[in-house]
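Engineer: Starting off with a structure, shown below.
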Amino acid sequence: MSASLGLFRLQQVDRQIDRAQTRLEAIRKTLENDAELKSALTRMENAQSDHHLALHELKFAENEVETQKIKIEQTESSLYGGSVKNPKELQDLQKDVESLKKHLTTLEERQLEAMFKVEAAAAELKSAQADLEGIQARLGSEHSSLIEERSSFTRQLESLAEEREAAITPISSDLLHVYEDLRRQKRGVAVAEVEDGACAACGTNINASVQQNARSQKTLIHCPSCGRILFAN
């Protein structure tokens, strides 16, 4: 995969996030004059954020526990499999198993704590939802369509956050830094596709040699005019 392709895919996700956040901000400004509703929305936002974070922490804790169990299985396999004969090595393996199991206990405690956090966050989220729904009922239908749209965009942002995390994984920190800097400088568009031999962002013609270089797996090629990263199929 070319260096620019990963960034181009990331930018597609980021652009969707930008659009969703822009619309959410417009909805927020429309609703902000209602203090009671604003308070309920803020509580809902916080509850959703806390619940999402708690789920993320639980997933991380579960992965750590599973990884630790695999390490224990591998070490015990070496210990009892008969391939190691040296008494000193066997003794070291036994110590490793004991140490790994001790750490597993700590990780399982963290996992249990994470489960409690998820339960508490879920309860708060349910309460916040009920509170918000009650206020909406009292206010009538005036803001109902905006609230529904807001909920839809909020769910969309949660999904996009997961997509972005997956898109970032294969990208090196150096390339990501270049991308983020350009996004700030170029109003959110750091990567420009080469279309019909030209930079899609500024229209500058891109010769065949530069287009070929833009397909590099490691090197980023920039538009000679606007400075954006070039992506060529």
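Engineer: If you scan segment 106-146, which residues turn out to be polar (S, T, N, Q) and within 29 Å of the chain's Cα centre (by Cα)?
Structural biologist: Selection gives Thr106, Gln111, Ser127, Gln129, Ser145.
Engineer: Ok, one more. What helices (runs of 4 or more DSSP H), lying completely within segment 138-233, carry at least 2 residues that are over 26 Å from Glu32 (Cβ atoms) and among the basic types (Lys, Arg)?
Structural biologist: Filter on segment 138-233 gives 173-185.
Engineer: Okay, next question. Filter segment 88-106 down to residues that are of a type in the set (Lys, Arg) and exposed (fewer than 12 other Cβ atoms within 10 Å of the Cβ) and give me whichever is farthest from Ala61 (Cα to Cα). Outline the logic, then answer.
Structural biologist: First pass over segment 88-106, keeping only residues of a type in the set (Lys, Arg): 88, 95, 101-102.
The next check asks that each one be exposed (fewer than 12 other Cβ atoms within 10 Å of the Cβ); those that pass are 88, 95, 102.
Details: Lys88: 34, Lys95: 24, Lys102: 16 Å.
The qualifying residue farthest from Ala61 (Cα to Cα) is Lys88.
Engineer: Looking only at residues that are in a loop (DSSP other than H, G, I, E, B) and within 22 Å of Gln68 (Cβ to Cβ) in segment 81-98, which one is modelled with the lowest pLDDT?
Structural biologist: The selected residue is Val84.
The values are calculated or read from the model by the stated rules, or taken from the named source; none is laboratory data. Keep in mind it's a predicted model, so treat the numbers as computed, not measured. When we count neighbours, we look across all protein chains shown, and the Cβ atoms used for this are built from the backbone with ideal geometry, even at glycine.
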